[in-house]
Amino acid sequence: MAEVVLHPVRLRVVQAVSGRELTTAQLKELLPDVAQATLYRQIAVLVEGGFLAVVGQRPIRGTVERTYGLGERMSHVGREELSAMADAQLRVAFLTFLGSLGEIFDRLLSSTDADRREFLGFGTGHIYLDEDDLAPLQRGFDELIAQYRRDAPGKRRVALSTVLLWDNE
């Protein structure tokens, strides 16, 4: 799973589709720096891996336009997979994640829409957990934000990222 999702282009595709359904043309519009052939190839890998699913099709000028949504597999890399990664692989995965956050931040800064900063926030807080607390915390967080995961009229799409790191003071 990590090898599939943590490829930089595939990660961006999964993030773009998260919470909505997009055609390949819409994805190309959202990722203008990605060559069309590369985008098609990475979408195919994500569909094959179950990370994306074809949720609609319609004929357009002699071809079929597909609409994609998130597939059955989560785009989230779970604890078991993270634990199984070698240190170097985990470092690359984390830096890929941070790089994608940097791209989102750069798009915000380059936007002419001043209202985008209304939704900007970042910080670090500390909580105290043991291993038994982690699964309920994650379930509760997922339940809390579930109602906000779908596109709706009048709503703005914002990125919400979480990181849990053991803080060895």
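The values are calculated or read from the model by the stated rules, or taken from the named source; none is laboratory data. Note that the coordinates shown come from a computational prediction; the quantities given were computed from them, not determined experimentally. Note that we place each Cβ from the backbone using ideal geometry, even for glycine, and neighbour counts take in every protein chain shown. All accessible areas refer to the heavy atoms of the entire protein, side chains included, with ligands and DNA or RNA removed. Shrake-Rupley method; radii C 1.70, N 1.55, O 1.52, S 1.80 Å.
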* What are the residue pairs meeting all of these: first residue in region 94-123, first residue more than 10 Å from Ala159 (Cβ to Cβ) and small (Gly, Ala, Ser), second residue part of a helix (DSSP H, G or I) and open to solvent by 50 Å² or more (accessible area, probe 1.4 Å), Cβ atoms under 7 Å, and 6 or more apart or on different chains? -> Gly99/Pro8
* Asked: Which residues, taken from region 27-61, are under 16 Å from the mean Cα position of the chain (by Cα) and open to solvent by 70 Å² or more (accessible area, probe 1.4 Å)?
  -> Leu30
* Criterion violated by Glu81 - all others in (1) in contact with a Gly (Cβ under 9 Å, 6 or more places away or on another chain); (2) open to solvent by less than 80 Å² (accessible area, probe 1.4 Å) satisfied -> (1)
* From the set of residues in region 16-26 that are assigned to a helix (DSSP H, G or I) and modelled with pLDDT under 90, which is surrounded by the fewest Cβ atoms within 10 Å (Cβ to Cβ)? -> Ala16
* Sole residue being without any contact (Cβ under 8 Å) to a residue 40 or more places away in the chain and either in a helix (DSSP H, G or I) or over 24 Å from Leu98 (Cβ atoms) (or both), chosen from Val34, Val13 -> Val13
* When Val4 is evaluated against the numbered criteria (1) modelled with pLDDT of 80 or more; (2) open to solvent by 20 Å² or more (accessible area, probe 1.4 Å); (3) closer than 29 Å to Leu165 by Cβ; (4) not hydroxyl-bearing (Ser, Thr, Tyr), which criterion, by number, is the only one it fails? -> (1)
* Asked: Of the numbered conditions (1) among the charged types (D, E, K, R); (2) modelled with pLDDT of 90 or more; (3) surrounded by 11 or more Cβ atoms within 10 Å (Cβ to Cβ), Arg73 satisfies every one except a single condition; which is it?
  -> (2)
* Structure fact -> The number of residues in region 106-129 that are within 27 Å of Phe141 (Cα to Cα), loosely packed, with under 10 Cβ neighbours inside 10 Å and of a type in the set (A, V, I, L, M) is 1
